[in-house]
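All of the numbers you see were taken from the coordinates with simple rules; none came from a lab. Owing to the predicted nature of the structure, the values given are computational and were not obtained by experimental measurement. Positions of Cβ are generated from backbone atoms using ideal geometry, with glycine treated the same way; all protein chains shown enter the neighbour counts.
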Amino acid sequence: MKTLTTLTCIAVLASFTGAQTVAEDTALPAKMTAKDMSGAMFEREDTTRTERNGHTVLDVTSLLSSDGKFGSGLYRAGPSRFEISEPYGVDEFMYFLEGGVTLTSADGSVMEIEAGEAVTLPKEWTGVWETDGYTKIWVIYSEDGSGLE
């Protein structure tokens, strides 16, 4: 029996709720290949490109559930620092493929997440987000669908 890597398990988990519909009754899994996760996925036409701090931020959704409350995708950003004083707003699981992030919670505790590691931010989280840049797989649950538009 083959052993699945953490990354493979995450990609499989993110794809199980069905991202594409071929016919009204057929939902298909949304696959992110190793090539996709190394950057090829950002070449898709539906990739969102925004400028932030002189860097291009790339975001592409691999799956959006039929009720609009669950999604997954790939995200790449350059150096940034954000003070998040209002609650984060969504429950988000992040697996870092490249780079990393330093999270300083409102109570002053510091957590560093590096490539090959994952973190889950609860929607109530507040604090400071600092990074030199990263690429991550994201999986978001949002009860009202916000953050998944």
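Which number in (1) among the β-branched types (V, I, T); (2) touching a Phe, Trp or Tyr at 6+ places or on another chain (Cβ under 9 Å); (3) over 18 Å from V128 (Cα atoms) marks the one condition that V101 misses?
The single condition V101 does not satisfy is (3).
So for region 109-117 (the condition being under 20 Å from T48 (Cβ atoms) and hydrophobic (A, V, I, L, M, F, W, C)), does at least one residue qualify?
no
Filter region 126-143 for residues that are under 9 Å from V90 (Cα atoms) and either of a type in the set (F, W, Y) or out of contact with any strand residue (DSSP E or B) (no Cβ under 8 Å at 6 or more places or on another chain) (or both) and give the result.
Scanning region 126-143 gives Y141, E143.
So how many residues does region 99-149 have that are in contact (Cβ under 8 Å) with a residue 24 or more places away in the chain, in a strand (DSSP E or B) and of a type in the set (G, A, S)?
5
Can you tell me which residue among L121, L74, L103, L63 is over 14 Å from the mean Cα position of the chain (by Cα), surrounded by 18 or more Cβ atoms within 10 Å (Cβ to Cβ) and within 25 Å of G39 (Cβ to Cβ)?
Sole residue among the options that is over 14 Å from the mean Cα position of the chain (by Cα), surrounded by 18 or more Cβ atoms within 10 Å (Cβ to Cβ) and within 25 Å of G39 (Cβ to Cβ): L103.
For region 44-61, state whether one or more residues are of a type in the set (K, R), free of Cβ contacts under 8 Å to residues at least 12 places away in the same chain, out of contact with any Lys or Arg (no Cβ under 6 Å at 6 or more places or on another chain) and part of a helix (DSSP H, G or I).
So far as region 44-61 goes, no, none of its residues is of a type in the set (K, R), free of Cβ contacts under 8 Å to residues at least 12 places away in the same chain, out of contact with any Lys or Arg (no Cβ under 6 Å at 6 or more places or on another chain) and part of a helix (DSSP H, G or I).
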